[in-house]
Amino acid sequence: KQEVTQIPAALSVPEGENLVLNCSFTDSAIYNLQWFRQDPGKGLTSLLLIQSSQREQTSGRLNASLDKSSGRSTLYIAASQPGDSATYLCAALTGTASKLTFGTGTRLQVTL
Amino acid sequence: DTGVSQNPRHKITKRGQNVTFRCDPISEHNRLYWYRQTLGQGPEFLTYFQNEAQLEKSRLLSDRFSAERPKGSFSTLEIQRTEQGDSAMYLCASSFLQRALTDTQYFGPGTRLTVL
């Protein structure tokens, strides 16, 4: 059974800092790994998707990496802004159902 | 492309009542998923459909829960005899399976259920 863990659970940084969010998964037989953003009381917004054959994906100030062999992914956010404050979830796609297994998220607060 | 929509957005009900949620996927998406998210946790898989066929159900989906996708378009999730433990955000996602297991899931805004 796939298990996904995210560290840290919460993070507070001043505006402008670069930061890294960590995600680990127990079953390396994943098809892809996605990072999502969730604002309070809202649904999920997909940020980046890394296929199992890829090592990283970039979108603007976001860069996600994937190391299947070690069961790890990181999300790097450059030059953080207060608008980046949200919960960030990673999810691994496994199994024939293509079901996503989510971590519990990292709650990020970027302060002025 | 209007995205995935869910109705209602919020539902407050008394314990023991039945509730039904609706999900309208992105048009032409052939896969539809239901997830449940409790406070402070990540979403957990409940069930999914490929077209109108329900292909997998999580053990989280007790016999009080039933999901349908009658014409392969919208889906409904019904909870009978609600319990306080059913209080959660119910998320729907859809995708278009082009090649095996590389589909991207797009999520709706969710339905927040509160059982009093």
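Each other residue within a Cβ distance under 13 Å of residue A:50 adds +1 if Lys or Arg and -1 if Asp or Glu, for a net charge of +1. Using a 1.4 Å probe over protein heavy atoms, the accessible area lost on pairing A with B, summed over both chains, comes to approximately 1700 Å². The charge dipole of the stretch A:1-54, taken about its Cα centre with unit charges on the Cβ of Lys, Arg, Asp and Glu (plus for the first two, minus for the last two), comes to roughly 180 debye.
Placing R0 at 25 angstrom, the Cβ-Cβ distance between residue B:59 and residue A:67 gives a FRET efficiency of 0.25 after rounding to 0.05.
The calculated FRET efficiency for residue A:51 paired with residue A:79, based on their beta-carbon distance and R0 = 30 Å, is about 0.65.
The stretch B:69-90 and the stretch A:87-110 have their alpha-carbon centroids 22 Å apart. A DSSP coil position with no more than 15 other Cβ atoms inside 10 Å describes the following trypsin sites (Lys or Arg not before Pro) in the stretch B:6-45: B:9, B:14, B:15. The distance linking the stretch A:12-38 with the stretch B:10-38 is 27 Å (Cα centroid to Cα centroid, whole angstrom). Just want the answer: with Cβ charges of +1 for Lys and Arg and -1 for Asp and Glu, which residue in B:111, B:96, B:30 is farthest toward the dipole's positive end in chain B? About the Cα centre, the residue reaching furthest to the positive side is B:111.
Solvent exposure of the protein assembly as shown, expressed per residue, is 49 Å² of accessible area, with all protein chains present and a 1.4 angstrom probe. Inter-chain neighbour count for B:33-45: the average number of beta-carbon atoms from partner chains within 10 Å of each residue's beta-carbon is 5.
What you get for the stretch B:1-95, charging only the Cβ of Lys and Arg (+1) and of Asp and Glu (-1), is a dipole of about 340 debye around the Cα centre.
Taking every residue in A:43-56 and counting other chain Cβ atoms within 10 Å of its Cβ, the average works out to 3. Annotation: lysines with alpha-carbon distance below 26 angstrom to residue A:68 (same-chain offsets under eight excluded): A:1, A:99.
On the beta carbon distance between residue A:29 and residue A:104, with R0 = 22 Å, the FRET formula returns roughly 0.50.
The values are calculated or read from the model by the stated rules, or taken from the named source; none is laboratory data. If you're wondering where the values come from, they're calculated on a predicted model, not measured in any experiment. Positions of Cβ are backbone-derived with ideal geometry, glycine not excepted, and every protein chain shown enters the neighbour counts. SASA here: full protein model, heavy atoms, side chains in, ligands and nucleic acids out. Shrake-Rupley method; radii C 1.70, N 1.55, O 1.52, S 1.80 Å.
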